[in-house]
Amino acid sequence: MKNEELQFAIAFEERLAASTKERVRIVIKEQYKDAYDILADCEAARLIPGIIGPPGVGKTLLLRAYAERSGRSFTWITGDEGVRPSHLIGSFNPALVLKNGFTLESFDPGPLLKSMVFGGVFGLNEGNRLPEYVQNSLLEPFEELSVNVQRLGRIKAHEDFFPVITMNPEEMAGAHRLSEALRDRIRVWVRLGYPRKETEIEIVKVNAPEYKLSDTVLETVYGLVSATRNSTDIEIPASIRAGISIARLSAQMSKRKKVKEINYSMLSEAATYVLTGALRFRPGIDPEPAVNQLVRRVLGSKGTT
Ligand SMILES: Nc1ncnc2c1ncn2[C@@H]1O[C@H](COP(=O)(O)OP(=O)(O)OP(=O)(O)O)[C@@H](O)[C@H]1O
Ligand SMILES: [Mg+2]
């Protein structure tokens with residue numbers, strides 16, 4: 001191997017190890033605990049669940065935690081018009097086919113096939129955005145737990161293969177609908193919404209473990225994100241991600257400036273940076289002044305923090 005290739009191979013191995021060591025940090029209570037238990041019930045009862053919820057409420061994280069706690073790999077793919085069945089199942093590598101013919105050696109397995117062979121949790125994000133024929137190619141894997149790999153044969157999935165669909169509520173996904181055939185295979189629908197105030201604050205803390213966040217700061221961050229969820233001018237409000245980002249950015253600003261407490265101006269600055277891109281306003285509303293106004297309205301009433 002050339003020096004550069006060798007260095008890459010070593011660094012790549014290190015990164016692989018770092019990824020498997022990383023543990024999921026998750027608050028499992030209330031809706032998350034209920035959803036977790038229903039996932040386990042669905043798996044035991046051999047039913048395919050769908051998780052529906054707005055962006056950033058923890059759908060993917062919940063599946064990752066579910067896979068981790070059962071000692072399995074977690075694979076997820078996000079649906080869009082460009083995804084083909086071969087991206088899910090795999091395809092033959094033409095160079096290897098020339099050398100070996102259509103054998104297993106020449107085949108690059110896709111994420112769904114790997115998950116079926118090894119037995120992992122397979123999350124399909126926004127399956128409703130897949131072209132209909134791709135959705136249809138999932139019917140057999142999801143319902144019969146088997147799949148036909150062209151030229152290689154039909155395989156039966158490992159007992160620990162567990163497919164789950166996650167989706168944003170239909171109104172947010174625009175014109176895309178889950179095909180009737182695939183929808184009919186999803187037997188159980190679990191809804192996740194924005195958590196209760198105390199729970200969301202706990203989630204923000206769990207995602208900013210290296211910073212000391214006072215109760216006042218956490219309350220203010222929650223005040224900011226929840227204000228976006230109650231505004232009729234906003235079509236897509238701030239997710240849990242936005243709250244985490246405001247908390248982390250303002251905490252980092254206070255660290256850089258060597259100020260003990262996160263203050264009003266840091267929160268306001270961080271909130272503006274984060275919310276400017278995080279929200280989708282109703283058509284006709286100019287985002288920049290709208291964000292400034294919202295931040296002033298929430299922080300203004302708080303005085304100093
Ligand atoms: N219960 C929770 N405990 C800890 N962190 C959480 C929890 N729920 C959400 N989060 C955090 O919120 C963020 C968004 O979570 P996640 O990516 O799972 O959302 P999602 O619902 O899959 O979003 P999308 O619809 O955009 O795919 C992540 O940073 C995640 O760590
Ligand atoms: Mg997700």
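The values are calculated or read from the model by the stated rules, or taken from the named source; none is laboratory data. In this text the structure is predicted, and so the values were computed from the model without any measurement. Every residue, glycine as well, gets a Cβ built from its backbone with ideal geometry; the counts of neighbours run over all protein chains shown.
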Residues that are among the acidic types (Asp, Glu), under 25 Å from Val149 (Cα atoms) and within 16 Å of the chain's Cα centre (by Cα): does the stretch 70-87 have at least one?
yes
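This table checks each residue for (1) within 16 Å of ligand 2 (Cβ to nearest atom); (2) aliphatic (A, V, I, L, M); (3) on the phi > 0 side of the Ramachandran plot.
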| position | (1), (2), (3) |
| --- | --- |
| Tyr211 | no, no, no |
| Thr216 | no, no, no |
| Val221 | no, yes, no |
| Ala227 | no, yes, no |
| Pro237 | no, no, no |
| Ile240 | yes, yes, no |
| Gln252 | no, no, no |
| Lys257 | no, no, no |
From the list Ser73, Ser86, exactly one residue is of a type in the set (Ser, Thr, Tyr), more than 16 Å from ligand 1 (Cβ to nearest atom) and either without any contact (Cβ under 8 Å) to a residue 12 or more places away in the chain or touching a strand residue (DSSP E or B) at 6+ places or on another chain (Cβ under 8 Å) (or both). Which is it?
Ser73
The stretch 42-69, subset part of a loop (DSSP other than H, G, I, E, B) and more than 16 Å from ligand 2 (Cβ to nearest atom), residue nearest to Asp160 (Cα to Cα):
Arg46
Among helices (runs of 4 or more DSSP H) entirely within the stretch 78-197, at least 2 residues that are over 30 Å from Glu235 (Cα atoms) and of a type in the set (Asp, Glu) occur in none
For the stretch 227-267, how many residues meet the condition of being part of a helix (DSSP H, G or I) and under 22 Å from Gly284 (Cα atoms)?
3
Among the residues that make up the stretch 81-96, is at least one of them out of contact with any His (no Cβ under 6 Å at 6 or more places or on another chain) and within 16 Å of ligand 2 (Cβ to nearest atom)?
yes
Filter pass, Glu126 being of a type in the set (Asp, Glu), in the same structural domain as Ser70 (by TED's automatic domain parsing) and more than 16 Å from ligand 1 (Cβ to nearest atom)
no
Filter the stretch 1-44 for residues that are of a type in the set (Phe, Trp, Tyr) and under 19 Å from the mean Cα position of the chain (by Cα) and give the result.
Tyr32, Tyr36
Quick one: Arg72 ticks every box in (1) within 16 Å of ligand 2 (Cβ to nearest atom); (2) among the basic types (Lys, Arg); (3) part of a loop (DSSP other than H, G, I, E, B) except a single one, so which number is it?
(1)
Quick check, is Ala208 more than 24 Å from Met116 (Cα to Cα), modelled with pLDDT under 95, within 11 Å of ligand 1 (Cβ to nearest atom) and small (Gly, Ala, Ser)?
no
